[in-house]
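Heads up: the structure comes next, in structure tokens.
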């Protein structure tokens, strides 16, 4: 056995001898009974807890389900009979349909007005007859009415007011011909007195068919 191994062996032996000596002291120490070394003291028991009894809840009395008698029917013999009321006629007639016209108008047309004029110009019916026939034959299409009118420079709202009166008169005319008012899109705008050369006249109503 080499020197390091002998040293490790002796060290282990010394450790075991010391451990055995310490255990013998604990087991045979004078004044400590052997049975006391392995016994665990008993803890004192807790005093009993008394829970007070809960008082019983009162039972409510059953509700009265008896219904009171119904009141007697009042005497209505002295009430006068309501007068018969005649309802006013519908403002707009019902929508009218028709066959596909032989001549389909363009998707956009124009009605020209004199400056300051509000009623429909002469000859408007010839322009509208084909448009009305197309709208009756094609219920999915709508008609856009965009009115323009000139006014005084110091009163710019006059032009828009005139344009509004023009387009309302045109709209009412189309409704009387059986066109659903919900299919008519109305716009009114003022217009400048100085029309651009080659451009559209400042007093007019554009009629544009929309899908």
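Values in this text are rule-based calculations from the coordinates and carry no lab data. The shown structure was predicted, so the numbers you read here are calculated from the model rather than taken from an experiment. Here the Cβ positions follow ideal geometry from the backbone for every residue, glycine too, while neighbour counts run over all protein chains shown.
Listing for the model above:
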| item | result |
| --- | --- |
| Spread of Cα-to-Cα distances over 10 Å intervals beginning at zero, given as percent, for the chain | 6, 17, 13, 7, 4, 4, 5, 5, 4, 4, 5, 9, 14, 3, 0 |
| Which of 81, 205, 129 has the fewest Cβ neighbours within 10 Å, and the rest in rising order | 81, 129, 205 |
| Global geometry of segment 34-143, whether rounded, prolate or oblate, following the gyration tensor of its Cα atoms and the 1.5 cut on a/c | oblate |
| q = 0.12, 0.17, 0.22, 0.23 Å⁻¹, segment 108-210: log10 I(q)/I(0) [Debye, one scatterer per Cα] | -0.38, -0.73, -1.12, -1.20 |
| With Cα atoms, 0 to 90° folded angle of helix 3-27 axis to the chain main axis | 80 degrees |
| For segment 108-210, share of DSSP beta bridges that run antiparallel, in % to the nearest 5 | 60 percent |
| Least to most buried among 148, 9 (fewest other Cβ within 10 Å first) | 9, 148 |
| Residue-span extension gain [residue 110 to residue 46] - 0.36 nm each, minus C-alpha spacing | 12.3 nm |
| Residue 91-residue 11 pseudo-label distance in nm [points 7 Å out on the Cα-to-Cβ vector] | 11.3 nm |
| Max mean-square fluctuation residue, GNM over the chain, Cα-Cα springs under 10 Å, options 127, 51, 186 | 51 |
| Nearest-ten-degree value, helix 124-137 long axis tilted from longest Cα axis of the chain | 40 degrees |
| Tensor-based shape of segment 77-117 (alpha-carbon gyration tensor, a/c under 1.5 rounded, otherwise prolate or oblate) | oblate |
